[in-house]
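Please read the structure below before turning to the comments.
Taken together, the values in this text are just the output of simple stated rules run on the coordinates, not laboratory data. Keep in mind that this is a model prediction, so the values were computed, not measured. Here the Cβ positions follow ideal geometry from the backbone for every residue, glycine too, while neighbour counts run over all protein chains shown.
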Amino acid sequence: MVVALSLAAAGSSGRAPDNALVSDVQVSPAADDVSAPTPEDALVDASVEVPVATPTEAPVDAPGLEQRIFNIGISIYTFDDYFMNLCRHEMEKYFNAMESYAVKYNVTVVDAMGDQAVQNDQVDEFIAQGVDVMIINLVQSSSANTVTERAKAADIPVVYINREPNGDDMTAWDNICYVGVETLLKQQGIRMGEIICDLPDRGDADGDGVVRYVMITGEPDNNDGFRTVSSIMALNDAGIKSEQLLQVQGYWNQEKARELAADALAQFGAMIDVIFCNDDYMALGALQAIKDAGRSVGEDIYLVGIDATPEAVYAIIAGDMTGTVRNCPMRQAHAAVSAAIRYAYGERNDTYNWIELVKVTADNATNYIK
Ligand code: BGC
């Protein structure tokens, strides 16, 4: 059984839900539209382990088998985040799929609305309810210790997902773990930078010897921000001369990124060789601005993001994006649920449970859609 709760929005600092923006570069329905095929339907990932549904009736040969019920509390940093919506829906589905006559998962999902204080209260509430395990998608990467201290006092294990806690914080207790892509060692950004380095002109679209770029970042106090510096580290390591024209915060928001990219294109025009975006939703916003400015990806400008959302993969196939780095919300969801179930049964998890990163370009993009 899954319960999703969106608390009253009063006082929330969460973002507007316009990441579900419909534009001519978005090909999938909003993640909450359950009647239409969801974006994850377009994902092919043969290596993702899909559980076989187990029978819910009592097995005839095991009369009297007792059913175990585990209560799981999940807090998502904001339900306005499209990527995290994919992830949370997949966690709900996966918990359901893991149920059987012998075991039930009562899953409660709450929206922290972009406010760490709200999330801390939700953690207290989960503890008061006596949940068996919590899955926490932190509002602030720096706030893991606040959550861990409360969880440890109540002896309730925590799986942190997607927004990587600060490194030191992961040593605070044996019963906490992290599921997500590697952030602090900067591999995501390096892969994104490498996509530019691997181009025949090494990202120098106008051939003047310097790769001039605009950087659209996610949000402050989030360790995914390491994507920013590390993408340029890859260019430096490859001996590519680069110059940052502008760095702006897009808050993982497609429309905001479109506006920022439009302003940058108006300000710097043909000087811009590359637009780096900390995720694909922002890259899709930038793509709209690039088209509106009469520029053409792959011809006079390059555009990269992170996530490999279905929309971005389609854009790569259409030649509208140069590349992305896969940061699969489905894999994160499966790994988080598996870790939570291990905790529920009193088992241990590795502190870090990394999801593999893959560069996605025109060369391999078709492998990532149906
Ligand atoms: C993803 C973004 C998402 C963010 C939320 C990142 O890992 O790349 O798409 O908005 O997580 O924290």
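How many percent of DSSP beta bridges within the stretch 185-326 run antiparallel, rounded to 5?
Antiparallel bridges: around 0 percent, rounded to the nearest 5.
Please get the size of the charge dipole for the stretch 185-326, origin at its Cα centre, with Cβ charges of +1 on Lys and Arg and -1 on Asp and Glu, quoted in debye to the nearest 20.
180
Quick one: 3J(HN,Hα) in Hz for the stretch 229-236, Karplus 6.51/-1.76/1.60 with θ = phi - 60°, rounded, Gly and Pro as x.
5, 6, 5, 7, 4, 4, 5, 4
What lysines sit close enough to K104 to cross-link, taking a C-alpha to C-alpha distance under 21 Å and skipping anything fewer than 8 places away on the same chain?
K93
For the stretch 185-326, with the dipole built from +1 on Lys and Arg beta-carbon atoms and -1 on Asp and Glu ones, taken about the Cα centre, which of G225, G285, Q267 lies farthest toward the positive end?
About the Cα centre, the residue reaching furthest to the positive side is G225.
Counting only residues 5 or more places away or on other chains, whose amide H sits under 5 Å from the amide H of V211 once H atoms are built in the peptide plane?
K241, S242, E243
Based only on other Cβ atoms within 10 Å, what is the fewest-to-most ordering of Y77, Y343, Y101, Y314?
Y101, Y314, Y343, Y77
What percent does the relative contact order of the stretch 185-326 come to when contacts are Cα pairs within less than 8 Å and at least six residues apart?
26
Hey, what do the phi angles of the stretch 340-353 turn into as Karplus ³J(HN,Hα) couplings, whole Hz, using 6.51/-1.76/1.60 and θ = phi - 60°, x for Gly and Pro?
So the Karplus estimates, Gly and Pro as x, are 5, 5, 4, 4, 4, 8, x, 8, 9, 10, 5, 4, 10, 10 Hz.
Leaving out same-chain residues fewer than 8 places away, which lysines sit with a Cα under 26 Å from that of K359?
Here the lysines satisfying the reach criterion relative to K359 are K186, K241, K256, K291, K370.
Would you calculate the separation in nanometres between label points at L184 and A102, each defined as 7 Å from the Cα along the Cα-to-beta-carbon direction?
If labels sit at L184 and A102, their model points lie 3.7 nm apart.
Pop out the ³J(HN,Hα) list for the stretch 265-270 in order, Karplus 6.51 cos²θ - 1.76 cosθ + 1.60 with θ = phi - 60°, rounded to Hz; leave Gly and Pro as x.
5, 5, 6, 10, x, 5
Note down the nm distance, to one decimal, between modelled labels 7 Å out along Cα→Cβ at V229 and at F268.
About 2.0 nm separates the two model spin labels.
Would you kindly calculate the mean projected area, averaged across all directions, of the convex hull enclosing the Cα atoms of the stretch 94-253, in square nanometres?
Averaged projected hull area, Cα only: 12.2 nm².
Quick one: order L265, L199 by neighbouring beta-carbon count within 10 Å, fewest to most.
L199, L265
Subtracting the Cα-Cα distance from 0.36 nm times the residue separation, let me have the gained length for W173 to E66 in nm, one decimal.
Contour length minus Cα-Cα distance gives 35.3 nm.
Neighbour counts of other C-beta atoms within 10 Å: give me R258, R295 arranged from fewest to most.
Taking fewest neighbouring Cβ atoms as first place, the list is R295, R258.
Which three lengths, in whole Å and largest first, does the stretch 185-326 cover when its Cα atoms are put on their principal axes?
35, 34, 28
Check V325: other-chain or 5+ apart residues with amide H under 5 Å from its amide H, H built from backbone geometry?
G305, I306, D307, A308, V360
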